[in-house]
Amino acid sequence: MKQKLKDLLKDAWNVPNALTLFRLILVPFFIIVYLNGHPYAALAIFCVASLTDMLDGYLARKNNQITSFGKLVDPFADKLLVISALICHGIKNEFPWAAIILVTIKEISMITGALLMLDRKNVVVHANYWGKTATCFFIASLIAGFFHELIATSGFAYDICLLWISVVLSYCAAFSYLFEIIHIRTESSHRT
């Protein structure tokens with residue numbers, strides 16, 4: 001495993017990956033600011049972190065700087081940001097814990113699966129259409145969650161509706177990753 005991590009790090013040093021690491025660094029700041037009663041400052045941090053997600057992918061494709069490190073760490077940074085924001089909204093009773101628990105279980109399973117694929121098959125499972133779409137919906141629902149009380153006065157909880165759509169999309173992503181992993185394992189067993 002150590003050698004595989006060294007191989008991942010050898011091509012890691014570029015601007016897109018620096019943006020991904022910056023997003024990881026922003027997560028604890030977001031949590032501290034949010035839980036200390038500054039939701040709009042936390043929203044600003046969340047938006048900056050979300051923008052780095054769009055920007056790092058764009059730069060990686062534009063400059064041909066797509067790396068194994070980015071494929072592995074970028075989705076992890078996304079998951080950490082989303083789970084942290086979900087839990088913060090849950091603590092403030094803005095989002096239902098059922099959705100938060102479902103997403104957290106799924107994300108932990110995905111991270112574990114990705115690490116096992118790296119360790120046992122030397123394969124980096126990268127984000128696909130379903131995963132990227134789910135992330136976009138999560139970001140929209142999480143931003144809306146900052147205005148939960150205002151939205152509640154409209155009579156329809158748009159933020160909660162967006163959240164549940166995000167949960168469904170994230171499980172679609174999980175199943176698509178599972179099928180991809182099964183396909184990779186089947187192919188590698190046929191080669192041996």
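Quick notes
- If you check Asp119, Asp159 for being more than 15 Å from the chain's Cα centre (by Cα), acidic (Asp, Glu), assigned to a helix (DSSP H, G or I) and modelled with pLDDT of 90 or more, only one passes: Asp159.
- Within the option set Val125, Val167, being at pLDDT below 90 and touching a helix residue (DSSP H, G or I) at 6+ places or on another chain (Cβ under 7 Å) holds for one residue only, Val125.
- The sole residue among Thr104, Thr133, Thr112 that is assigned to a helix (DSSP H, G or I), modelled with pLDDT under 85 and polar (S, T, N, Q) is Thr112.
- Some residue of region 15-24 being hydroxyl-bearing (Ser, Thr, Tyr), surrounded by 15 or more Cβ atoms within 10 Å (Cβ to Cβ) and out of contact with any Leu (no Cβ under 9 Å at 6 or more places or on another chain): yes
- Selection from region 36-65 of residues that are loosely packed, with under 14 Cβ neighbours inside 10 Å and not in a helix (DSSP H, G or I): Asn36, Gly37, His38, Asn63, Asn64
- Breaking point among (1) at positive phi; (2) in contact (Cβ under 8 Å) with a residue 40 or more places away in the chain, for Ile31: (1)
- Scanning region 126-171 for residues that are in contact with a His (Cβ under 6 Å, 6 or more places away or on another chain) and among the acidic types (Asp, Glu) returns a single hit, Asp159.
The values are calculated or read from the model by the stated rules, or taken from the named source; none is laboratory data. This one's a predicted model, so the numbers in the text were calculated from it and none came from an experiment. Neighbour counts are summed over all protein chains in view; Cβ atoms, including those assigned to glycine, are modelled from backbone coordinates with ideal geometry.
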